[in-house]
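Just below is one structure, and these are the notes that go with it.
Here, each number is a calculation from the coordinates, and none is a lab measurement. The structure displayed is predicted, hence computed values, not measured ones. As a convention, Cβ positions derive from the backbone with ideal geometry for all residues, glycine included, and neighbour counts pool all protein chains shown.
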Amino acid sequence: MNAKAFAVAPPDVVLVTGGTGFLGQWVVKLLLDRGYTVRATVRDLKNTPRYEFLYTVSAGADKASGRLSFHQCELASEAGWDDAVRDCRAVVHVAGTINLDATDARKDLIEPALMGVRNIFGAVTRAGTVKRIVVTSSFAAVSDDFAEFASHTYDANDWNTKSSETFNAYAYSKTLEEKACWEYVRHSNDLSLTTICPGSILGPALNDDMGYVNRETVFRFLKGGVPTLLDLNLSLCDVRDCAAAHVAALESVDSIDKRYICTHDAVPLKDIVDCLGAMSPRFKRRMPARKLPTRVVLWWVRFFISRGTFQNLKSTLGKRPGFNLVKERAEIAMELRPWEETVRDTAQWLIDHGLVKS
Ligand SMILES: NC(=O)c1ccc[n+]([C@@H]2O[C@H](COP(=O)([O-])OP(=O)(O)OC[C@H]3O[C@@H](n4cnc5c(N)ncnc54)[C@H](OP(=O)(O)O)[C@@H]3O)[C@@H](O)[C@H]2O)c1
């Protein structure tokens, strides 16, 4: 029998790194809902508001239940990882820094990501109890240049070969990080890995944190004042579906040592804007009507945005990638809700938190 064919099931103990973040919090919730005992890493245990909301996200997993605990760990430091991993059956490694504008890519992105892999896999090896690791990679590790694959439908065999320390450094750091994880398990007989490569993650958060730029994009449109529509297509997925894919991967033996993409075919920004505009007359009035040609946008925006954001825009502007998710559907029953629901729920979250008026 394949020693890797090990199923993780409740009430096993699972460590979630980055459990306070947008995606990690949904992974923590879904695991608790299914009956797992969850440990989550935080960077500062003294900052209780950053993580104590997680005691309220799942019935029967409050502070007194003992089913949820927190460990202070920093990706770039060895401290704390052995305690966090001890007696765990599985690790879901979500933690990471998303920064398109890092001034020192090696120090700010690449080193923390690679040191995180080394520290986590090192602790896992020492503990000897962990059988499954699921890692949040990114579509950025699949490709960052849609032109290269103009007539190509992406699947999990594709790898980003274009990025470098000076070109789309965030995408490069995610690619190096995922490759380092695969290298660790390549020689292991009983530790299995699944990586999930999400597109842009949207949807509601479980806390009050406005968080990552994707929700800010919706926010900016809803606030009004965006002068023009870019010829941009967003490869997006819902945070709830993405978290569910992580949990399904953890529990499936079909997912052992596999890589999965988690995103819809890219959605034109114009369709997203129309979807938001249909939510209320006020929103409709705020949506940009004009669309500038890609050439003009690229010439114009370079004066206003950072180099990293410009590089990212240049790789994607005017391109509309599609994805083949046959394997994902068959092996981890990946279901992506309609993107319109995700966009509307993102907007509703912003309304409910008093950030925009409908
Ligand atoms: N959001 C997207 O559109 C998207 C798309 C593709 C892939 N991803 C990947 O998904 C993962 C999570 O993204 P997210 O949107 O949930 O981001 P997020 O909301 O910013 O959350 C990031 C989490 O990682 C933790 N973290 C960051 N740097 C760390 C470090 N140096 N040491 C320890 N913990 C650290 C944060 O802890 P604190 O609470 O201490 O801040 C937080 O819990 C990342 O790996 C990202 O690359 C995201």
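Quick check: net charge around Arg132, other residues with Cβ under 13 Å of its Cβ, Lys/Arg +1 and Asp/Glu -1? Kindly include the intermediate steps, with their values, before the conclusion.
Details: positive: Lys4, Arg89, Lys131, Lys258; negative: Asp12, Asp190, Glu251, Asp254, Asp257.
With Lys, Arg at +1 and Asp, Glu at -1, the neighbours total -1.
Counting only DSSP beta bridges with both residues in the chain, the antiparallel share comes to about 5 percent.
Mean separation of Cα pairs under 8 Å and 6+ residues apart, divided by the residue count of the chain: what relative contact order is that in percent? Don't skip to the answer; put the middle values down first.
Details: 695 pairs, mean separation 68.7, N = 358.
Relative CO of the chain lands at 19 percent.
The three principal axes of the C-alpha atoms in region 24-93 carry coordinate ranges of 33, 28, 20 Å, sorted with the longest axis first.
Pairs exceeding 21 Å between alpha-carbon atoms, taken from Lys63/Lys131; Lys223/Lys284; Lys223/Lys270; Lys179/Lys314; Lys270/Lys319; Lys223/Lys319: Lys63/Lys131; Lys179/Lys314; Lys223/Lys319. Angle of helix 239-251 to the longest C-alpha principal axis of the chain, folded into 0 to 90 degrees and rounded to 10: 30°. Percent of C-alpha pairs per 10 Å bin in region 245-302, short distances first: 17, 25, 23, 19, 15, 0.
Does region 143-249 come out rounded, prolate or oblate, given a ≥ b ≥ c as the square roots of the eigenvalues of its C-alpha gyration tensor, rounded meaning a/c under 1.5 and, failing that, prolate meaning a/b above b/c? Each step should come with its number before you reach the end.
Values: a/c = 2.19, a/b = 1.43, b/c = 1.53.
Verdict is oblate for region 143-249.
Determine the sum of side-chain charges near Tyr260: Lys and Arg each +1, Asp and Glu each -1, restricted to other residues whose C-beta is under 9 angstrom from that of Tyr260.
Working: positive: Lys258, Arg259, Lys327; negative: Glu328, Glu331.
Within the 9 Å Cβ shell, the charges total +1.
The angle between the Cα long axis of helix 307-316 and the longest principal axis of the Cα atoms of the chain comes to about 80 degrees, rounded to the nearest 10.
For region 117-132, the Karplus equation 6.51 cos²θ - 1.76 cosθ + 1.60, evaluated at θ = phi - 60°, returns couplings of 4, 4, 5, 6, 5, x, 5, 4, 4, 5, 5, x, 9, 7, 10, 10 Hz by residue, with Gly and Pro reported as x. With the convex hull drawn over the C-alpha atoms of region 1-143, the volume per residue is 128 Å³. Distant-in-sequence amide contacts of Lys291, defined by a placed amide H-H separation under 5 Å and a gap of 5 or more residues or a different chain, comprise Leu229. Working note: Karplus 6.51/-1.76/1.60 with θ = phi - 60° gives region 93-98 the couplings 9, 9, 4, x, 9, 9 Hz, where Gly and Pro are set to x.
For the chain, state the semi-axes of the equivalent ellipsoid (square roots of 5 times the eigenvalues of the alpha-carbon gyration tensor), sorted largest first and rounded to whole angstrom. Intermediate values should be presented prior to the final figure.
On the way: eigenvalues 223, 110, 74 Å².
One finds semi-axes of 33, 23, 19 Å for the chain.
Considering only DSSP beta bridges where both residues belong to region 130-288, give the percentage that are antiparallel (nearest 5). So the antiparallel bridges in region 130-288 amount to around 15 percent.
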